[in-house]
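Here's the structure we're looking at; comments come further down.
The values are calculated or read from the model by the stated rules, or taken from the named source; none is laboratory data. Keep in mind it's a predicted model, so treat the numbers as computed, not measured. Here the Cβ is made from the backbone with ideal geometry for all residues, glycine too, and neighbour counts use every protein chain on show. Each accessible area value is taken on the protein alone, full model and side chains, heavy atoms only, with ligands, DNA and RNA left out. Shrake-Rupley method; radii C 1.70, N 1.55, O 1.52, S 1.80 Å.
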There are 2 protein chains.
Amino acid sequence: MSTSRQGRKRGVRAEVPITQEAIIDAAFRLIDERGGDAFSMRAVAADLGVFPATLYWHVGDRARLLGLVEASWASAVQIPEEIADWREWCHELARRYRARAHQHPNVARLVIVERARNIASLVLPDAVVGRLAELGLGDDLVHAYNSLVGAVQGFVVLELALIPDPEAASMLEAEAELRSLDPASFPNITRHFDALADRALSVRWTDGAKAPLDASFEFLIDLLLDGLDARLRASAPNKTPAKSAKTPAKKTAPAKKAAKTASA
Amino acid sequence: MSTSRQGRKRGVRAEVPITQEAIIDAAFRLIDERGGDAFSMRAVAADLGVFPATLYWHVGDRARLLGLVEASWASAVQIPEEIADWREWCHELARRYRARAHQHPNVARLVIVERARNIASLVLPDAVVGRLAELGLGDDLVHAYNSLVGAVQGFVVLELALIPDPEAASMLEAEAELRSLDPASFPNITRHFDALADRALSVRWTDGAKAPLDASFEFLIDLLLDGLDARLRASAPNKTPAKSAKTPAKKTAPAKKAAKTASA
DNA sequence: AGTCCACTAGTACGCTGTACAAGGCGTTGT
DNA sequence: ACAACGCCTTGTACAGCGTACTAGTGGACT
């Protein structure tokens with residue numbers, strides 16, 4: 001990785017110019033390829049063949065760099081266009097958000113929780129607020145927003161959370177430990193072990209990046225949107241704010257793009 | 001905090017015996033009072049008036065100590081008894097879990113995401129699995145479990161996530177930054193700013209521990225349980241697996257303990 | 001009385017984030 | 001043409017981190 005050892009003179013400029021974007025890219029690659037634990041100011045500087053203080057000159061401290069990495073990560077998730085039905089729109093955005101997280105799980109792990117606040121990370125929230133505001137939720141707007149965002153982001157964080165440590169031995173050890181749980185202490189987990197094994201949030205030994213919980217995520221999103229839809233229906237029974245989805249439960253709904261007429 | 005400076009001779013036992021529980025308690029108090037950043041092996045050792053190596057003798061490395069702190073934290077949330085209705089039961093357990101997190105936010109922040117896996121932290125999952133298994137969800141059991149656990153834990157994690165840093169100055173700065181967002185870039189957030197200000201997940205400047213999102217949490221739980229209930233109703237319309245809650249939407253449902261006859 | 005072992009003092013190594021002085025180079029002003 | 005300034009980097013330094021490691025004391029047991 002390290003492109004060139006330090007052999008330059010004192011104030012000489014690097015042969016390849018050190019820009020803020022180059023530093024962000026290097027940090028992103030470092031985290032992505034070698035994991036979050038490998039990320040440090042020194043490691044990023046070494047990757048660029050540069051002393052650590054250089055990073056402080058260009059981007060600032062560690063938290064700021066992580067914030068920029070977050071912005072770079074989040075900027076790749078596109079806001080769905082041309083989806084008229086608000087439920088399909090929310091569903092698709094959630095899918096894209098999670099897909100981006102699974103694309104770079106090491107980055108997502110660091111970035112979603114640390115949440116160094118930066119303006120760039122507000123474009124997704126703004127889009128969600130805009131779509132929900134059309135529904136006429138009134139005072140519940142902020143609660144609907146928090147519920148959707150919190151549940152989706154939170155699920156992804158927990159799904160991608162590291163189990164114990166990246167040693168292969170300890171993974172087998174974790175599996176053996178879970179398989180030999182005492183039925184007297186944990187009667188329910190042991191009884192339904194086959195249904196839960198390596199698929200339930202605390203009953204697994206494989207990383208969420210390697211064993212994704214796709215079906216559970218779809219289930220969660222459907223649960224939330226069904227609940228929200230029911231609430232809308234109850235408060236205003238005969239006013240369809242958008243193309244109301246009739247099928248309430250059928251999961252694996254194909255994301256067929258509903259006509260044009262987006263962005264009222 | 002530090003009880004006694006190092007003045008003892010080489011192999012002499014500490015005047016107050018150093019047990020595993022004492023170390024866990026010291027770590028818990030340290031994190032709780034001075035924040036997660038203040039937590040280190042050396043700081044815990046200093047609090048006990050002892051050298052760091054002593055901790056490694058009694059509990060092992062940092063990850064293991066954090067796992068024990070998690071167990072101590074989680075063991076205080078009691079599983080509801082004598083609540084017949086499964087929805088009220090789930091709601092109450094979620095409330096207690098979150099209440100425990102808000103009781104020690106600094107500890108919860110560290111512990112929920114790092115999730116050093118330990119057996120002790122499986123008693124809550126086991127209880128949830130047991131209650132959900134009664135509903136006859138079939139293959140959806142694991143998905144219902146993941147949805148509830150993921151959403152609840154995830155929401156709490158994001159709610160308690162630190163905003164930028166604990167300086168008072170930067171909080172005002174963050175507020176000013178959010179108040180002066182460009183309406184051209186973020187039209188929806190700025191339009192509904194009054195409804196979102198300091199109450200929406202990415203549009204706030206106060207710590208979740210100081211400004212809890214109670215109403216949003218209740219909203220989320222209702223959403224999830226309503227959705228799950230609708231799913232049950234749809235798959236088996238005329239079989240009431242438990243006392244079916246009739247009111248689907250009315251939030252701020254008082255947690256009146258429904259009769260006895262728990263644990264079938 | 002002798003032996004062992006549980007347990008702690010103390011040291012050491014390599015790592016971290018980040019502040020700071022020092023100095024070379026391109027650009028600009030005169 | 002020459003001087004001065006300011007950008008950008010080198011290099012050093014400091015305090016703190018996790019965690020091995022050795023040394024050695026006291027009490028318990030044989």
In nm, what does the list of distances from residue B:233 to its counterparts in the other copies look like, shortest first, when each label sits 7 Å along Cα to Cβ? 0.8
Would you please report the Å³ per residue occupied by the convex hull of the alpha carbon atoms in segment B:66-150? 92
Using a 1.4 angstrom probe on the protein heavy atoms only, could you order B:223, B:110 from most to least accessible area? B:110, B:223
Loop only per DSSP, at most 16 neighbouring Cβ atoms within 10 Å: give me the GluC sites (Glu not before Pro) in segment A:42-136, ordered by residue number. A:81, A:82, A:134
Could you pull the copy-to-copy label distances for residue B:25, with points set 7 Å along Cα to Cβ, in nm to one decimal and sorted shortest first? 5.6
How far is residue A:187 from itself in the other copies, in nm, if each label sits 7 Å out from Cα along the Cα-Cβ line, shortest first? 5.9
For the B-to-A rotation axis, chain B residue with nearest beta carbon and its distance in angstrom: B:154, 1
What are the GluC sites (Glu not before Pro) within segment A:140-225 that DSSP puts in a loop, where the Cβ has at most 15 other Cβ atoms within 10 Å? A:167
Taking the full set of protein chains and a 1.4 angstrom probe, give the accessible area of residue B:18 in square angstrom, rounded to the nearest 10. 30
